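To keep things clear, I will list the structure first and then write my remarks on it.
The values are calculated or read from the model by the stated rules, or taken from the named source; none is laboratory data. Please read these numbers as outputs of a predicted model, since none were measured by experiment. Quick reminder, even Gly has a Cβ in these numbers, built from the backbone with ideal geometry, and neighbours come from all protein chains shown.
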Amino acid sequence: MIKMTLLIARKPGMSVEEFREYWGTTHLKAVASVPESKVSRGYRQQHNTYVVPDHTAAAPFDGIAEAWYDSIEDAMTFINSDGWWNIIKRDDLNFIDITKTQIMLSEERRFD
């Protein structure tokens, strides 16, 4: 199983509520409109609570997006698609600080 994890920072000047609303509605619809998104086995959004223990540094992200794929080839099919570049990445500019947002493709290993 391949997991795509995006560590997302909101656009400067955008409130937390504006970010959450846009990401959870408008952007979600944009992602779903891309035919290649169907190769994903699942998608989740994790919205930062901004609660952190005193002895730990807070993560500099407003959310985490995760999607799962059967193979690295399936993940790359999505990432290299016209829809990724012309719909998703274009819409990212409306609510994401692309200079701070990061992506990682990883191979999940379970030990339970």
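Before we move on, is residue 56 on the phi < 0 side of the Ramachandran plot and assigned to a loop (DSSP other than H, G, I, E, B)? So residue 56 passes the test. Figure legend. Inter-residue proximity from the range 78-90: first residues under 18 Å from residue 41 (Cβ atoms), second residues loosely packed, with under 12 Cβ neighbours inside 10 Å, beta-carbon distance below 8 Å, spacing 6+ or different chains. Indicated pairs: 81/35; 83/35. The single residue among 109, 44 that is assigned to a strand (DSSP E or B) and not hydrophobic (A, V, I, L, M, F, W, C) turns out to be 44. Of all residues in the range 59-73, those satisfying the criterion of being surrounded by fewer than 17 Cβ atoms within 10 Å (Cβ to Cβ), of a type outside the set (A, V, I, L, M, F, W, C) and not in a loop (DSSP other than H, G, I, E, B) are 66, 73. Of all the criteria given as (1) surrounded by 12 or more Cβ atoms within 10 Å (Cβ to Cβ); (2) of a type outside the set (Lys, Arg); (3) at pLDDT below 95, the one not satisfied by residue 42 is (1).
Can you find a residue in the range 4-27 that is of a type outside the set (Asp, Glu), farther than 18 Å from residue 97 by Cα and surrounded by 12 or more Cβ atoms within 10 Å (Cβ to Cβ)? Yes; the residues of the range 4-27 include at least one that is of a type outside the set (Asp, Glu), farther than 18 Å from residue 97 by Cα and surrounded by 12 or more Cβ atoms within 10 Å (Cβ to Cβ). Scanning the range 22-72 for residues that are closer than 16 Å to residue 88 by Cα and of a type in the set (Val, Ile, Thr) gives 25, 26, 31, 34, 39, 64. Condition (residue is of a type in the set (Lys, Arg) and either within 30 Å of residue 111 (Cα to Cα) or in contact with a Phe, Trp or Tyr (Cβ under 7 Å, 6 or more places away or on another chain) (or both)) applied to the range 4-24: is it met by at least one residue? Checked the range 4-24: at least one residue is of a type in the set (Lys, Arg) and either within 30 Å of residue 111 (Cα to Cα) or in contact with a Phe, Trp or Tyr (Cβ under 7 Å, 6 or more places away or on another chain) (or both). Residue 51 satisfies every condition listed in (1) crowded, with 17+ Cβ neighbours inside 10 Å; (2) over 15 Å from residue 5 (Cβ atoms); (3) without any contact (Cβ under 8 Å) to a residue 40 or more places away in the chain; (4) of a type outside the set (D, E, K, R) except (1). A count restricted to the range 1-41 and to residues that are in a helix (DSSP H, G or I), of a type outside the set (Val, Ile, Thr) and closer than 28 Å to residue 58 by Cα stands at 10. Residue 97 meets the conditions (1) modelled with pLDDT of 95 or more; (2) over 27 Å from residue 59 (Cα atoms) in every case but one. The failed one is (2).
Among the residues of the range 81-112, the ones that are exposed (fewer than 15 other Cβ atoms within 10 Å of the Cβ) and aromatic (Phe, Trp, Tyr) come to 2 in all.
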